[in-house]
């Protein structure tokens, strides 16, 4: 049976390439984007490559959007095999923890932490309908406590919280055989990452690795390129 995947924040950058790579594995992939126009344009670009892509307007902070996607998935497929929580914002290089604008921190948490949390809760019945459920939370080395600095506080703390959520969900969903992992794609040359990073294809492949894990693969881990990272 053809697998069904959903990738959030996927109209550009790492998310866009994750959609491409998953679809090349023979999947139907829903390309989630806050902007319906940008999402449609991105999907059409991949469809022109012969890939099975479905554009869907999706703001991960909007409960109505999550409910609508759940209804669409239930109606069209009856399940969800892979959820990639890729949507992320606010790499706040201009701030320090001591002087951070807490409104910006709250803004980052809404998308980077609570967004994935809401996605999992809203789509969990569909993931449970899959025989090979996978949840991949796209995190960052900036969220690792071992290497954390005093900079990019909104981004770093929200990603550290996402890592904690990953561990908790992996324990909650172990009996459902749903594998839940966090992945750092590394410093990638994207609009958010800026120039000088590694190719987006490499960063996306790190995420796709976790999406394609075998049933006996790891869960509750933090990885880059298939190798464990320090929390």
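The values are calculated or read from the model by the stated rules, or taken from the named source; none is laboratory data. Source: prediction; values computed, not measured. Cβ coordinates were reconstructed from backbone atoms using ideal geometry, including for glycine residues, and neighbour counts include every protein chain displayed.
Considering each residue of the stretch 64-90, count those that are assigned to a helix (DSSP H, G or I) and more than 17 Å from the chain's Cα centre (by Cα), and give that number. Spell out the reasoning first.
Just the residues of the stretch 64-90 that are assigned to a helix (DSSP H, G or I), to begin with: 64-76.
Of the ones still in play, those that are also more than 17 Å from the chain's Cα centre (by Cα) are 64, 67-68, 71-76.
So the answer is 9.
Can we say residue 80 is farther than 19 Å from residue 135 by Cα, surrounded by 19 or more Cβ atoms within 10 Å (Cβ to Cβ) and in contact (Cβ under 8 Å) with a residue 24 or more places away in the chain? So residue 80 fails the test. Determine, yes or no, whether residue 10 is within 21 Å of residue 207 (Cβ to Cβ), buried (at least 23 other Cβ atoms within 10 Å of the Cβ) and at pLDDT 95 or above. Answer is yes for this residue. From the list 25, 17, 67, 37, the one residue that fits, being out of contact with any strand residue (DSSP E or B) (no Cβ under 6 Å at 6 or more places or on another chain) and without any contact (Cβ under 8 Å) to a residue 12 or more places away in the chain, is 37.
Among the residues in the stretch 132-151, are any touching a residue at least 40 places away in the same chain (Cβ under 8 Å), out of contact with any helix residue (DSSP H, G or I) (no Cβ under 9 Å at 6 or more places or on another chain) and part of a helix (DSSP H, G or I)? No, the stretch 132-151 contains no residue that is touching a residue at least 40 places away in the same chain (Cβ under 8 Å), out of contact with any helix residue (DSSP H, G or I) (no Cβ under 9 Å at 6 or more places or on another chain) and part of a helix (DSSP H, G or I).
Of everything listed in (1) more than 27 Å from residue 220 (Cβ to Cβ); (2) out of contact with any strand residue (DSSP E or B) (no Cβ under 9 Å at 6 or more places or on another chain); (3) outside any loop (DSSP other than H, G, I, E, B), the single unmet condition for residue 125 is (1). Scanning the stretch 210-231 for residues that are in contact (Cβ under 8 Å) with a residue 60 or more places away in the chain and either under 22 Å from residue 199 (Cα atoms) or surrounded by 20 or more Cβ atoms within 10 Å (Cβ to Cβ) (or both) returns 210, 211, 212, 222, 224, 229.
When 129, 86 are checked against the criterion of being closer than 25 Å to residue 27 by Cβ, surrounded by 14 or more Cβ atoms within 10 Å (Cβ to Cβ) and either without any contact (Cβ under 8 Å) to a residue 12 or more places away in the chain or out of contact with any helix residue (DSSP H, G or I) (no Cβ under 8 Å at 6 or more places or on another chain) (or both), a single residue qualifies: 129. Return yes or no: is residue 23 surrounded by fewer than 18 Cβ atoms within 10 Å (Cβ to Cβ) and either within 14 Å of the chain's Cα centre (by Cα) or on the phi < 0 side of the Ramachandran plot (or both)? For residue 23, the condition - surrounded by fewer than 18 Cβ atoms within 10 Å (Cβ to Cβ) and either within 14 Å of the chain's Cα centre (by Cα) or on the phi < 0 side of the Ramachandran plot (or both) - is not met.
Considering the conditions (1) closer than 18 Å to residue 113 by Cβ; (2) in contact with a strand residue (DSSP E or B) (Cβ under 9 Å, 6 or more places away or on another chain), residue 209 is excluded by exactly one of them, (1).
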